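The values are calculated or read from the model by the stated rules, or taken from the named source; none is laboratory data. Not measured: the values here are computed from a predicted model. A quick note on method: Cβ atoms are made from the backbone with ideal geometry, for glycine too, and the neighbour counts reach across all protein chains shown.
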Amino acid sequence: MMSRIYISAAHKSSGKTTVSIGLCAALQQRGLKVQPFKKGPDYIDPMWLGQAATRPCYNLDFYTMQRDEILSTYKSRSLGSDITLIEGNKGLYDGLDLDGSNSNAALATLLEVPVILVLDARGMTRGIAPLILGYQDFDKEVYIAGVILNQLGGSRHEQKLRAVIEHYTDVPVIGAIHHDHNLEISERHLGLIPSNESAQAQEQINQLAKTITQQVDLDALLEIASSAPVLQANETIPVPPQPASTIRLGIMRDAAFGFYYPGDLEALQVAGAELIPIDAINDATLPAIDGLFIGGGFPETHMDKLAANHSLRQSIKQALENGLPCYAECGGLMYLARSISWQGNTAEMVGLLPGDIHMHKKPQGRGYIRIQQTGNAPWVMHTNEVIVGHEFHYSAIENLPADTTFAFEVKRGTGIDGQHDGIVYKNTLACYAHLRDTRQSPWARAFVDFIQQHKQK
């Protein structure tokens, strides 16, 4: 567990995600057990990282987790691995607070992990030196152990940059990746297209691994990773064994719905849920389940296929009308509404919620949130009144009746209308908020307990 590396950048869109995916796959293909982590709230990058490493990718986030919880989670999830790779978000020193207390640098310092900077070097030559020197000097506690140059124009460009960096800095260049459009993963409004939607995902991962193996000094990277000090003694959160399941929890997992945190799914299982996968596009009816969880995703890009599956939509609506407990986040909320309108087209959805979804060109809600429970939810998410989470949606729900019941008041963020989130209908709770099962918000146990109580009735 000593070997660890932090992949960061000077700014977002530098290519650190594709580099991280390629590194995970290349190291895994060497026979190493690679445990990936992602800093901050994110579903899509971890899906790619997890597939590349063949191990679930876990999120580490100062906003939803306490510092000792981050340490404990990191250590427990790293057990049995040969090397851990943490991919940052945005730039190394970017974060919410002026003091940088929740930045990538802060996480690298907390975990005492050497940093590799991925630098988009397009159009740069001598100017790369003051950039590196400035990043080194800004925070002496952060150990920038190397750089990977990205998007290079060719071998001549690479030689110039290597000469400049060697002359002016003491930071080694451990990789130089030449521009190649074949390495790019297609993007849409929320970032990369999720790997669960990409039929060529494994092919792209293999290509990234090949490029990284050829253009990055993996031996040098492994040497840097092994130089990380032993972390201070700290309580490790054990990964609990899965008990005998007491309920069957349906979970939408298909091309349209795939935004689930591995830690949350494990928490649901530990609470006693057997996770029953459901394909909203191809399954004709609901299986025998005691509750339903519909996570986020991109239902708008699959709305015609979702609409065409009339039998499943009717099966879901009837089950929820009959009181089946259901928790739906963002894309799940969209699916339960009457319709989705996007790019001039409209498609019918489940029709349980009395509202219509309209897609917009700009985000309608984005970033961290704080929501306060109103007491109207079918189950209490946590004893704390205020819950933290995140949201990122380009959609808005319209035409809701004035007497709509809401589970949350929005203290930070947007939610449904800037003031409320969490539409309550019978035993269904549908919100734009994305929650993480953490110490301060153990929602998974609360949901499973409610399903068990409903089942006993």
Pairs with Cβ under 6 Å, 6+ apart, first in the range 14-42 and within 17 Å of S3 (Cα to Cα) and aliphatic (A, V, I, L, M), second at pLDDT 95 or above and in a loop (DSSP other than H, G, I, E, B): L32/D82
Residue match in the range 41-59 (condition: surrounded by 24 or more Cβ atoms within 10 Å (Cβ to Cβ), within 26 Å of Q204 (Cβ to Cβ), touching a Pro at 6+ places or on another chain (Cβ under 6 Å) and small (G, A, S)): yes
Hits in the range 353-380 (condition: surrounded by fewer than 16 Cβ atoms within 10 Å (Cβ to Cβ) and more than 26 Å from A444 (Cα to Cα)): P354, H360, K361, K362, P363
Residues of the range 304-343 classified as assigned to a loop (DSSP other than H, G, I, E, B) and either among the small types (G, A, S) or farther than 28 Å from A446 by Cβ (or both), total: 5
Every residue from the range 263-292 that is of a type outside the set (A, V, I, L, M), assigned to a loop (DSSP other than H, G, I, E, B) and at negative phi: D279, N282, D283, T285, P287, D290
Output for the range 418-450, where each listed residue is outside any strand (DSSP E or B), touching a residue at least 60 places away in the same chain (Cβ under 8 Å) and either under 11 Å from C326 (Cβ atoms) or among the polar types (S, T, N, Q) (or both): K426, N427, Q440, F447, F450
Where A108 falls short, out of the listed (1) under 30 Å from F257 (Cα atoms); (2) modelled with pLDDT of 95 or more; (3) touching a strand residue (DSSP E or B) at 6+ places or on another chain (Cβ under 7 Å); (4) not in a loop (DSSP other than H, G, I, E, B): (1)
Number of the exception - A271 against (1) surrounded by 22 or more Cβ atoms within 10 Å (Cβ to Cβ); (2) of a type in the set (A, V, I, L, M, F, W, C); (3) touching a His at 6+ places or on another chain (Cβ under 9 Å): (3)
Residue within the range 44-54 that is of a type outside the set (G, A, S), assigned to a loop (DSSP other than H, G, I, E, B) and either within 13 Å of the chain's Cα centre (by Cα) or within 18 Å of F259 (Cβ to Cβ) (or both) present: no
Unmet criterion (only one of (1) farther than 20 Å from I174 by Cα; (2) at pLDDT 95 or above) for L98: (2)
Residue that is nearest to A176 (Cα to Cα), among those in the range 16-33 that are in contact with a strand residue (DSSP E or B) (Cβ under 8 Å, 6 or more places away or on another chain) and surrounded by fewer than 23 Cβ atoms within 10 Å (Cβ to Cβ): Q28
Count of residues meeting criterion [buried (at least 24 other Cβ atoms within 10 Å of the Cβ), assigned to a loop (DSSP other than H, G, I, E, B) and among the hydrophobic types (A, V, I, L, M, F, W, C)] in the range 60-91: 0
Residue that is surrounded by 20 or more Cβ atoms within 10 Å (Cβ to Cβ) and in contact with a His (Cβ under 9 Å, 6 or more places away or on another chain), where the choices are L117, L152: L152
Any hit, the range 334-352, residues being assigned by TED's automatic domain parsing to the domain that holds I278, buried (at least 24 other Cβ atoms within 10 Å of the Cβ), at positive phi and modelled with pLDDT of 95 or more: no
Which numbered condition S72 fails, given (1) in contact with an Asp or Glu (Cβ under 6 Å, 6 or more places away or on another chain); (2) within 24 Å of L27 (Cβ to Cβ): (2)
